[in-house]
Amino acid sequence: MLKLEIKRRYLKWLDRRIPPASHITLDQKQIFILPTKGGYIWLAVVALIFILAANYANSLAFGLSFFMISLFMLSILHTWRNLAGITLVSKSAESRHAGELIPIKLLLQSSGRSRHAVKLGWPDNEQVAYSFIKNQDSTLLVQANVRGWFQPGRMRVESVYPLGFCRAWSWVQFDSQALIYPKPDFSHPLPSSRGAGDETGVQTQSGQDDFAGFRRYKTSDLSGHVDWKGYARTNELNTKLFEEPIGSQIKLSLQLAPGGGLEEKLSVLTGWCLQCESTNKPYCLSLPDKEVAANIGRQHLKECLEALALFSYGKKESGGTHVS
């Protein structure tokens with residue numbers, strides 16, 4: 001309990017000292033520095049040599065101890081300077097499914113000085129080291145386990161350059177976020193197309209049955225339905241329309257999805273959406289708070305996945321603001 005309270009107060013203090021932002025420049029306010037394990041050993045050896053020099057009045061030992069402590073003091077300055085002035089810019093965070101690694105794109109700006117062995121990464125994720133002179137693009141991976149809005153928490157920036165005696169570090173947090181879709185479950189077959197309704201009739205859409213005319217092209221339309229011959233003649237993009245029975249559309253809803261809990265049902269619906277796209281089957285999505293009309297294509301898939309990711313989701317997930 002005491003440990004959690006200390007951590008909570010520490011995070012609150014960090015939020016005041018290094019607030020979240022899209023651009024963060026490291027300076028004396030953001031950078032912390034302490035000796036490494038090797039640095040403490042070095043200091044212990046210096047102290048031992050100094051004690052021996054004092055006991056035996058050995059000027060050579062005195063000189064050696066002074067030289068070693070001077071190296072240590074210089075390493076403090078150079079280690080701190082290796083991080084000072086670096087600007088980190090958050091460029092983008094891509095949407096992925098829960099349980100996947102999320103790519104976070106950053107830009108590192110060096111402010112005109114060469115930087116060496118600067119490590120970036122989130123706790124419990126792989127750190128990446130960079131050496132650069134001007135600007136450096138970086139793509140880091142962080143695990144997201146829960147659907148909804150995802151913020152990866154505080155990222156550790158550190159360096160032990162040049163001698164490894166000291167470690168300079170900072171905890172930075174960007175104000176960007178990514179939308180995490182439910183983890184897809186492909187273990188259940190698609191529902192029957194009769195689930196779209198029991199009525200009979202036809203409707204026109206960009207399907208694959210009887211030709212019914214043209215309409216203006218939309219970015220969500222499949223390239224196979226575009227009238228390319230007409231485009232060559234008129235230089236206008238149109239999409240072919242076809243008549244399909246209403247029953248040929250697949251209706252996806254929570255009621256049709258198997259599973260004992262909400263998250264399991266959303267995973268099944270996510271898998272069904274991806275299966276419909278891979279097989280070019282038009283589908284609609286029915287949720288208590290949102291209806292997505294029948295269609296197919298990347299934009300339609302994105303709209304459905306966003307609806308599933310945000311369904312009954314009011315709070316943002318913090319992707320583990322771990323600091324130590």
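Every read-out reported here was derived from the displayed coordinates using simple, explicitly stated rules and does not represent laboratory data. Everything numeric in this text was worked out from a predicted model, so none of it was measured. Please note: Cβ atoms are built from the backbone with ideal geometry, for glycine as well, and neighbour counts cover all protein chains shown.
Its Kirkwood hydrodynamic radius, worked out from the mean inverse distance over all distinct Cα pairs, puts the stretch 1-95 at 17.1 Å. When the pairs LYS12/LYS134; LYS29/LYS91; LYS12/LYS183; LYS105/LYS134 are compared against a 29 Å limit on Cα-Cα distance, LYS12/LYS134; LYS12/LYS183 fall above it. Only alpha carbons enter this Debye calculation for the stretch 10-181, each as an equal point scatterer, and the log10 of I(q)/I(0) it gives at q = 0.20 Å⁻¹ is -1.25. Rounded to the nearest 10 degrees, what's the angle between the helix 262-278 long axis and the longest principal axis of the chain, both from Cα atoms, 0 to 90? Taking Cα atoms only, the helix is inclined about 70 degrees. For the chain, modelled as a GNM with alpha-carbon contacts under 10 angstrom, which of PRO35, PRO189, PRO103 fluctuates the most? Fluctuation is largest for PRO189. Residues in the stretch 250-259 carry Karplus couplings, in order, of 9, 9, 10, 8, 4, 5, 7, 7, x, x Hz; the curve used is 6.51 cos²θ - 1.76 cosθ + 1.60 with θ = phi - 60°, and Gly or Pro positions show x.
In straight Cα distance, which lysines are under 21 Å from LYS240, not counting same-chain residues fewer than 8 positions off? Reachable lysines: LYS218, LYS229, LYS281. All other residues whose Cβ lies under 11 angstrom from that of PHE214 are scored, Lys and Arg at +1 and Asp and Glu at -1, for a net of +1. In plain terms, the chain from LEU43 to ASN58 could stretch by 3.5 nm, reckoned as 0.36 nm per residue minus the Cα-Cα distance.
Rounded to the nearest 5, the antiparallel percentage of DSSP beta bridges internal to the chain is 85%. Protection proxy ranking, highest mean first, for peptides 42-52, 155-165: 155-165, 42-52, where packing is the per-residue count of other beta-carbon atoms within 10 Å, averaged.
Using a 10 angstrom cutoff on alpha carbons, build the Gaussian network for the chain and name the most mobile of ALA54, ALA98, ALA84. Answer for the Gaussian network model of the chain: ALA54.
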